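The values are calculated or read from the model by the stated rules, or taken from the named source; none is laboratory data. None of the values given here were measured: they were computed from a predicted structure. Methodologically, a virtual Cβ is constructed for each residue, glycine included, from the backbone with ideal geometry; neighbour enumeration extends over all protein chains shown. These accessible areas exclude ligands, DNA and RNA; they are computed on the full protein's heavy atoms, side chains included. Shrake-Rupley method; radii C 1.70, N 1.55, O 1.52, S 1.80 Å.
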Amino acid sequence: MVDEVIAIWKPKDISSYDVVKQVKLIKKSKQVGHCGTLDPFAEGILVVCIGKYTKNVDDFMNCTKRYKAKIQLGVETDTLDIEGEVIRKDYPKNITKNNIKKTLSTFKGSQNQIPPYFCAKKIHGVKMYKLARKDIFIKRKPNNVYIEDINFIDYSNKILTLSITCGKGTYIRSLSRDIAYSLGTYGHLIYLERYQVGDFNKNNSITLKELKHD
């Protein structure tokens, strides 16, 4: 029986569950769990617990996470990311770096956040994205989340680039939507990278290809 904790650098276009399935095959273990879903379009750190360490999944989920995000302003999709269908457009005017920075400062700290319809959060035992795919949209309760820090990196061609440090349960897609609303427009994520979870980062993580040849 293998007992270990691995930080996998998840590539784009596969799900967190796909990573778990591959780790199960590579490590020949049925006891494998990940510590916080990373959407298929996103890349970055996915902490995976194997064997006896599956009992510690919640501990790792409580770790601080750091992201790099790019938000396309002016357009909202039903999934709040690049994979969804466009549902609203309102191209932003007169958005400056100064008012972006002022807006971002209001998102620091504890706040209530409404999760996306397309997410793995369960309602009555059913994942919300499964309901949304059937055009079933149930009223969502806000979650209390904590944004430790949010920093402006760049704004050009209606694309806003940020770095975000946050706690457990934060949906960066929802945060992107809410930032866009505060700027008087719409928005959706076009890029997301989770580059740190607790003490795990790109330097001490491993790719699935490297894991196969380990």
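Structure values in brief
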item: The chain: angle of helix 16-27 to the longest principal axis, Cα-based, in degrees nearest 10; result: 20 degrees
item: Surface accessible to a 1.4 Å probe, per residue, for the residues of the chain, Å²; result: 54 Å²
item: Cα centroid separation, the stretch 160-205 to the stretch 25-55 (Å); result: 20 Å
item: Fraction of accessible area attributable to carbon and sulfur, the chain (%, probe 1.4 Å); result: 47 percent
item: Most mobile of ILE172, ILE153, ILE71 in a GNM of the chain (Cα contacts under 10 Å); result: ILE153
item: Degrees between helix 172-182 axis and first principal axis of the chain (Cα, 0 to 90, nearest 10); result: 10 degrees
item: Within the stretch 1-96, GluC sites (Glu not before Pro) in DSSP loop having at most 10 other beta-carbon neighbours inside 10 Å; result: GLU85
item: Spin-label pair SER29/LYS12, simplified geometry with 7 Å Cα→Cβ offset, distance in nm; result: 3.0 nm
item: Stokes-Einstein D in µm²/s, Kirkwood radius over Cα pairs - the stretch 25-112 at 37 °C with 0.692 mPa s viscosity; result: 195 µm²/s
item: Debye-sum result for the stretch 174-214 in log10 I(q)/I(0), which assumes one identical scatterer on each alpha carbon, at q = 0.16, 0.18, 0.28, 0.31 Å⁻¹; result: -0.62, -0.68, -0.92, -0.99
item: Candidates per trypsin sites (Lys or Arg not before Pro) in the stretch 1-76, loop by DSSP, up to 15 other Cβ within 10 Å; result: LYS12, LYS28, LYS30
item: Over 32 Å between alpha carbons, listed pairs LYS21/LYS102; LYS21/LYS158; LYS27/LYS70; LYS65/LYS102; result: LYS21/LYS102; LYS21/LYS158; LYS27/LYS70
item: Where only C-alpha atoms are counted, convex hull volume of the chain per residue in Å³; result: 127 Å³
